[in-house]
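Read through the structure below, which is laid out as structure tokens, and then see the notes.
The values are calculated or read from the model by the stated rules, or taken from the named source; none is laboratory data. Everything numeric in this text was worked out from a predicted model, so none of it was measured. We place every Cβ from the backbone using ideal geometry, glycine too, and count neighbours over all the protein chains shown. Just the protein is used for accessible areas: all its heavy atoms, side chains included, with ligands, DNA and RNA removed. Shrake-Rupley method; radii C 1.70, N 1.55, O 1.52, S 1.80 Å.
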Amino acid sequence: MQLIKKIVTIPRIFYLFIPIIIIIFLAINLSTNAVEISSIEFIGEATLAKGLTFQKTEVGGLSGITYDAKNSLYYAISDDRGQKDNARLYTLTIDLSKGSLQQGRVVPVSVTTLLNENGQTFSPGETDTEGIALTNKATVFISSEGDAAKLINPFIKEFLLSSGREIATLPIPNKLFTDKSGQQGIRNNLAFESLTITPDKKHLFTATENALIQDGVAAKPNIGSPCRILQYNLLNNQPEKEFLYQTEPVSPFLNLTGKFASGLPDLLALDNQGHFLSLERSFTGLGFAISLFQISLEGSDDIHQIDSLLAVDSKNIKPVQKKLLLDLRTLDVLLDNIEGLTLGPKLPDGQQSLILISDNNFNSLQRTQILAFKLKIETPLIRLLRRLLPNLNR
């Protein structure tokens, strides 16, 4: 009888351990806080007035944007090379309190002139500021494409928000510098458009908009381009990894002018585990093609020690994983030159907002366009349940 009781008791003890095992299993799987977007919904558009002036500057060329959740403000960088006014960033408010974006809800509130390490304004033509990312130290990193035609190198610098003064410069790998022979480095106007920082503020990422000269061809009609994503460690401000990102081939449409441009203008870090949104933008002859992708660095090869992709068998290199999230041409919106994106505040229903902004090139035929979206972000628990129950309804 005693033996029978022992046999019956064993399963009961085992049952007590089942919840503990499940908790440990969930903790392991949920501790990463990796983000995945399950749906995206367009919630409105606004445009700034053409030729808008603010504090004696022309508001335009807004190529990158970042959100300051603590102060409910946005910082947008202008790519004016000093031809209109000094290099500068704008502070904006964007009102999403009604759960949508409406005309008149985007308002400039201040402008900050960028100053070099000596406290002087940058000389005309010295900068082509395109990307911007907020730190947790009341500073922003700003990227410049430079000017390859004039052998002006790209940069990534940190600036104080309070004064606009430069306080740090990140080193750029030599392979990105254009040499006099024109055989290596960035292509003109196809360098650091993008800039983003992970939520834990430990890593910064940027990317070349198109291939380096020694990596492959620039984007052409129906041909993509192999870009490089660069990863910086912000604990020591050093570059540490690079990844291959292949842009999508885009077909021109009624291209009577013969002009075509396509590339990777921005990235947005979604978590600390290498998941991002990427923005691809193309001018196709008749308007713009804009696409949002979810991308992951997981399983991608680090190529920072490869100076030239053309010198190796690049077919053996594992690129960044991509999944199309939205082709903006499916929206009932006349798209402009969208170049920047950032997460905004939580909407009244608790969902995450996303903001996109366009660079009007200071062209009277273009607009500064702001687009707003609602993101449905799956929690790690829901993703785990989907793995266990593949037929779980979304």
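Quick notes
- Residue-span extension gain [residue 318 to residue 366] - 0.36 nm each, minus C-alpha spacing: 13.5 nm
- Cα lying deepest toward the dipole's positive end in the chain, options 192, 269, 207, charges on Cβ: 269
- Solvent-accessible surface (1.4 Å probe) assigned to residue 248 amounts to roughly 70 Å².
- Selection of trypsin sites (Lys or Arg not before Pro), the stretch 148-193, meeting DSSP coil and at most 11 other Cβ within 10 Å: 180
- For the chain, with all protein chains in place and a probe radius of 1.4 Å, 55% of the accessible heavy-atom surface sits on carbon or sulfur.
- For the chain, the dipole from Cβ point charges (+1 on Lys and Arg, -1 on Asp and Glu) about the Cα centre works out to 1380 debye, to the nearest 20.
- Whichever lysines have a C-alpha closer than 21 Å to that of residue 84, once near sequence neighbours (fewer than 8 apart) are set aside: 50, 56, 150
- Think of it as helices only: each DSSP H run of n ≥ 4 in the chain is worth -39500 (n - 2.57), and spread over all residues that comes to -3500 deg cm²/dmol at 222 nm.
- Accessible heavy-atom area order of 304, 275, highest first, probe of 1.4 Å: 304, 275
- Between helix 2-30 and the chain there is an angle of about 0 degrees, using the helix long axis and the longest principal axis of the Cα atoms.
- 11 Å beta-carbon shell around residue 105, net charge (K/R +1, D/E -1): -1
- The shape of the stretch 216-355 comes out oblate: with a ≥ b ≥ c from the C-alpha gyration tensor, a/c is at least 1.5 while a/b does not beat b/c.
- Net +/- balance of residues flanking residue 136 in space, Cβ distance below 14 Å, scoring K and R +1, D and E -1: +1
- Based on protein heavy atoms only, the stretch 280-353 ends up with 50 Å² per residue of surface accessible to a 1.4 Å probe.
- Measuring against 19 Å, Cα to Cα, the residue pairs 201/374; 241/318; 98/323; 157/201 contain 201/374; 98/323 as the ones spanning a longer distance.
- Close amide H partners of residue 362, meaning residues 5 or more places away or on another chain with modelled amide H under 5 Å apart, are 61.
- For Rg/Rh (Cα atoms, Kirkwood Rh), the candidate list reads [x] 1.01; [y] 0.96; [z] 1.05; the entry that matches the value derived from this model is [z].
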